[in-house]
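The block underneath contains the structure these notes are about, expressed in structure tokens.
Please treat every number below as a calculation from the coordinates, not as lab data. This is a predicted model, so every value here is computed, not measured. Neighbour counts run over all protein chains shown; Cβ positions are idealised from the backbone, glycine included.
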Amino acid sequence: MRNILILFVLLGFQFLDAQRNCNMYPEGSPCREACETGSLASRYPQGSRKNMELYTKAAQKCPSFAPAWEQLSVPYLKRGDYLNWKLMIDKAVALDPMNILGYRAACSYEFIHDVVSALNDFERLDSLKSGHLGYNPNGDYNLRIMKGLCYRDLGKLDKAIEEIRLAIEEGMKEGGGVGTYDYLHLGVSYLMKKDVDSAFQYFTLQIPLYKNFPDTYYYLGLCYKAKNQMDLAKSNFEKAKALYPKNHRKDPYVHMPDQVYLSDIEEELSSLNTSN
Amino acid sequence: MNRNYRIQFILFFSIIAIASCKTSEKSSFPEKIGDIDFDPLVDRKDFYLCDPSQIVQYYNIGTTYSDEHGGLENDILKNLQMKQGKNKSESGFITIRFVVNCKGETDRFRVYELDQSLQKKKFETELVNSILTAVKKLDKWKVGANKNEIMDSYFRITFKIVNGEIKSIRP
């Protein structure tokens, strides 16, 4: 019993998915039943037999009910079975591209690092929507930032910068504001282009958005190092190291783009100490 | 046994029999998606599990590799024995899934090989074995816990292969 309780606590957050309004489907219709079955499924731990059986039942009752296919795909993704993930998520996207295409793109990018597929989806989404593309599953990223990062991973730095700048502009105009890591990614993109002054400018803009974020100081340290200002480089690396234990990025599932690890900071400090 | 008791006895076991028929209906799903059952042909018989009935996912309890996964890529690259880029026609994704037990040891390795469209494919055996061996050598696991109780968990690492070369290693 105790073990069951522990598991219940561990997986509790997963029960919160798929709380949707089933009244939008006509009473007594197969899709209304599918929606209600989906709500019941969401009460069981994600990926458990009962959860999967109920979502399958929902999909059988109303094959056009995209959320059932989407929910069926999620445990496969999180557990590394991308073959089955794709089978399910492709069905969901075919039924509801406007709402699920961006999600598939973000998952392809974050989990599988399948940059080509992610970019194809982002480009298709851009042709379907005008303006803001929406957000990634945990809400940290405007999807256009991720689209820019895909270009960057494919070596198209100018296109990446253009896209990230556009995302930031959209965020400012359309009320969402600048995302937590937007300036950081823009700065890193400029750093990759060896435009240290622009990179420095955006890392400086990043600071007020997340004051204790060690990654910003690490990248500022790299800028100072590139400018041969070694004392300032060192003090920024030291600040990054001091901030790291309590403030570093810790996505529970994946490595995030431009993420800095303690070993990266220590390596820079050690190389500075050696060269002194 | 009087007649009433006999009827109750028969009724009770009939209900149990019906219930067991019901519960033994085959489901197409395992108890939990991603469960890795013990395979005597490939898995260590002496691989210890704190609780074989409750292997959770790494992201539920925070199981990580050293430096919050930062050490993962470096250690794998150090452990890799083969020269990369040998077979230029090989592209796609190789995912290794396994169990990190409550002592920080690993076993029950399973390999999933997919092409760039995420369809099944077979990579060159040398590449797969080299990656698998490198993952098996990882020995700096930080075991996750729930309320200070350390637990066994599943972990996965995905390798992106482009033209025979490892382009990314991602938890």
Farthest positive-ward along the protein assembly as shown dipole, Cα basis, beta-carbon charges - from A:LEU191, B:SER28, A:LEU87: B:SER28
Loop-exposed GluC sites (Glu not before Pro) per DSSP, neighbour cap 16 Cβ within 10 angstrom, longest uninterrupted part of chain A: A:28-173
Peptide B:50-58 - average C-beta neighbours from other chains (10 Å radius): 3
Convex hull volume per residue for the range A:11-95, taking Cα atoms only, in Å³: 79 Å³
Rg/Rg_ref, the range A:107-160, where Rg_ref = 2.2 N^0.38 Å and atoms are Cα: 1.04
Mean Cβ count within 10 Å, highest first, over the residues of peptides B:61-69, A:150-158: B:61-69, A:150-158
Per-selection metrics, chain A (Cα): Rg and Dmax in Å: 21.9, 77
Cβ crowding within 10 Å averaged over residues, with B:126-137, B:37-48 ranked highest first: B:126-137, B:37-48
Unit charges at the beta carbon, dipole of the range A:106-152: most positive-side option, A:TYR141, A:SER117, A:GLY131: A:GLY131
Rh by Kirkwood over Cα pairs, then Stokes-Einstein D for the range B:27-170 at 1.306 mPa s and 10 °C, µm²/s: 99 µm²/s
In degrees, nearest ten, helix A:97-107 long axis to first principal axis of chain A (Cα): 50 degrees
Solvent-free Debye scattering, log10 I(q)/I(0), computed from the Cα coordinates of the range B:24-75 at q = 0.27 Å⁻¹: -1.10
Residues whose placed amide H lies under 5 Å from that of A:TYR135, excluding near-sequence neighbours: A:LEU143
On Cα atoms only, tilt of A:214-226 relative to the major axis of chain A in degrees: 40 degrees
Tilt relative to chain A, helix A:157-173 - C-alpha long axis, 0 to 90 degrees, to 10: 70 degrees
Lysines with Cα under 18 Å of A:LYS129, excluding same-chain neighbours fewer than 8 positions away: A:LYS147, A:LYS173
For residues of B:30-40, the mean tally of beta carbons on other chains within 10 Å: 4
The range A:200-276 versus the range B:102-146: alpha-carbon centroid distance in Å: 31 Å
Shielding by partners, peptide B:102-113 (average Cβ within 10 angstrom, other chains): 1
Orphan Cys of chain A, criterion: no other Cys C-beta under 4.7 Å: A:CYS107, A:CYS150, A:CYS223
Residue-by-residue Karplus 3J(HN,Hα) for the range A:36-50, coefficients 6.51, -1.76, 1.60, Hz, glycine and proline x: 5, 5, x, 5, 5, 4, 5, 7, 9, x, 4, x, 6, 4, 5
Cross-link table B:LYS78/B:LYS160; A:LYS57/B:LYS32; A:LYS211/A:LYS239; B:LYS140/B:LYS167, entries beyond 19 Å C-alpha to C-alpha: B:LYS140/B:LYS167
